[in-house]
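Before any comments, here is the structure.
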Amino acid sequence: MKVLPVMTNKAVKLNILALVAFGVLALVFPIRVYADCEQNYGGGETCVFSKRFKIKKEVRISGDSEWEDKVTGVKKNDVIEFKITVENTGDVTTDNMEMKDYLPDELMKLAGNLTEEWENFDNGEDNAKTFIIKVKVDEKEFARENFEKCVVNKAVVKFDDDEEASDTATVCYGDLELTELPKTGPETAIFLTIAGIALIGAGIVFKTKARVK
């Protein structure tokens, strides 16, 4: 008969202290699970990390009701609003999130942050993050006359400093005057018709003279 070793009181106390210490650490530093894991045959486990993110960049002139991917006809001193929406479309909650907006040199920031960082990013549309940035076109851009210029504003979402997704919105500004097009009314049509008939007649006369010779 095999005799099992008997734990001493000291060993029991040490085990209890170890369990208590582990419990305290788990409460103070909770472990976040980022993967779905399955037990392998013969021991061990396989974990699959599933993360996906979506970012949407929209723009409007302040006061407009609709958000678009492009605005045109922006005038001097118009306030432009960008809306950036970031959604976690993966299967797990994530930390170390960052949104970064790359504002073109032609645009001046009035309000909002070009960089946002956050933790505990839960998945689902209801947990999406929305950021608003207000800008205007630099006044120096309007020193010219009769022009139109478009600039593209890009925003990206990063996880652990790695870019995961990006989107853009376009801003067009200036006061481009269209050159007057030729008139196309009845008088012009009549003139073109008469000119066409005259050319045809001249061709017939020239052809007839050539045959007589």
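Look at Thr188 and say whether it is under 14 Å from the mean Cα position of the chain (by Cα) and either modelled with pLDDT of 95 or more or part of a helix (DSSP H, G or I) (or both). Criteria not met by Thr188.
So, Lys149, is that one touching a helix residue (DSSP H, G or I) at 6+ places or on another chain (Cβ under 8 Å), within 30 Å of Asp175 (Cβ to Cβ) and touching a residue at least 40 places away in the same chain (Cβ under 8 Å) or not?
On the way: touching a helix residue (DSSP H, G or I) at 6+ places or on another chain (Cβ under 8 Å): yes; within 30 Å of Asp175 (Cβ to Cβ): yes; touching a residue at least 40 places away in the same chain (Cβ under 8 Å): yes.
When the stated conditions are applied, Lys149 passes them.
When Glu145 is tested against the conditions (1) modelled with pLDDT of 95 or more; (2) of a type in the set (D, E, K, R); (3) not in a helix (DSSP H, G or I), the lone failure is (1). Cβ-Cβ below 6 Å, separation at least six or inter-chain, first residue in segment 104-118 and without any contact (Cβ under 8 Å) to a residue 24 or more places away in the chain, second among the aromatic types (Phe, Trp, Tyr) and surrounded by 13 or more Cβ atoms within 10 Å (Cβ to Cβ): which pairs? Sorted first by the residue in segment 104-118, then by its partner, the pairs are Glu116/Phe131. Filtering segment 110-126 to residues that are surrounded by 14 or more Cβ atoms within 10 Å (Cβ to Cβ) and in a strand (DSSP E or B) leaves Glu116, Phe121. Going residue by residue through segment 75-93, is there one that turns out to be exposed (fewer than 14 other Cβ atoms within 10 Å of the Cβ), on the phi < 0 side of the Ramachandran plot and under 13 Å from the mean Cα position of the chain (by Cα)? So far as segment 75-93 goes, no, none of its residues is exposed (fewer than 14 other Cβ atoms within 10 Å of the Cβ), on the phi < 0 side of the Ramachandran plot and under 13 Å from the mean Cα position of the chain (by Cα).
The values are calculated or read from the model by the stated rules, or taken from the named source; none is laboratory data. Just so you know, these numbers come straight off a predicted model, no measurement behind them. FYI the Cβ positions are ideal-geometry reconstructions off the backbone, even for glycines, and counts take in every protein chain you see.
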